[in-house]
Amino acid sequence: MIDIFQMTAAFFFGAVAGGMYFYSLWRSTKSFVLNRSSGVAFLISGIFRLAIFLGVAGYLLSAGIGALTIGVGLFGFFLARIAATRWVRWKTTRCDDVSCVGEGAHENQL
């Protein structure tokens, strides 16, 4: 029988883990521009992201819950990915018109 509480908890923890995973990925990619030792920051972030994913997946597998509950948790992780990509697109500066180009640079394009 399907336990609604267990499914809700799996979805919630999957979404939270996905949010932490993709936020850490976003911060580490921003550090490439800002830090001198961006490779070290990216490595630490990669280890942190791997620990998040494996920790949640390992916990779900070790708890002896069914494949459906694990699928619901991964669905929460997937929805966090969709939310993260939409958020990053919203936060990113768009340069679709000439106003984003530096002073005088658009004159050469004419």
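The values are calculated or read from the model by the stated rules, or taken from the named source; none is laboratory data. Source: prediction; values computed, not measured. Every residue, glycine among them, receives a Cβ derived from its backbone with ideal geometry; neighbour counts consider all protein chains shown. Areas reflect the complete protein model, heavy atoms only, side chains present, ligands, DNA and RNA absent. Shrake-Rupley method; radii C 1.70, N 1.55, O 1.52, S 1.80 Å.
Quick notes
- Sub-9 Å Cβ pairs linking a first residue in segment 26-49 that is farther than 21 Å from Arg81 by Cβ to a second residue that is outside any helix (DSSP H, G or I) and polar (S, T, N, Q), at least 6 apart or interchain, are Ala41/Asn35, ordered by first then second residue.
- Test result for Ala63, of a type outside the set (Ser, Thr, Tyr), modelled with pLDDT of 80 or more and open to solvent by 40 Å² or more (accessible area, probe 1.4 Å): no
- Among the residues of segment 83-94, the one identified as open to solvent by less than 70 Å² (accessible area, probe 1.4 Å), more than 10 Å from Gly18 (Cα to Cα) and at pLDDT 80 or above is Thr85.
- Looking at Phe42, Phe13, Phe77, Phe32, just one residue is open to solvent by less than 70 Å² (accessible area, probe 1.4 Å) and either modelled with pLDDT under 85 or under 17 Å from the mean Cα position of the chain (by Cα) (or both), and that residue is Phe77.
- Once segment 45-58 is narrowed to residues that are of a type outside the set (A, V, I, L, M, F, W, C) and exposed (fewer than 14 other Cβ atoms within 10 Å of the Cβ), the residue that is farthest from Arg27 (Cα to Cα) is Gly58.
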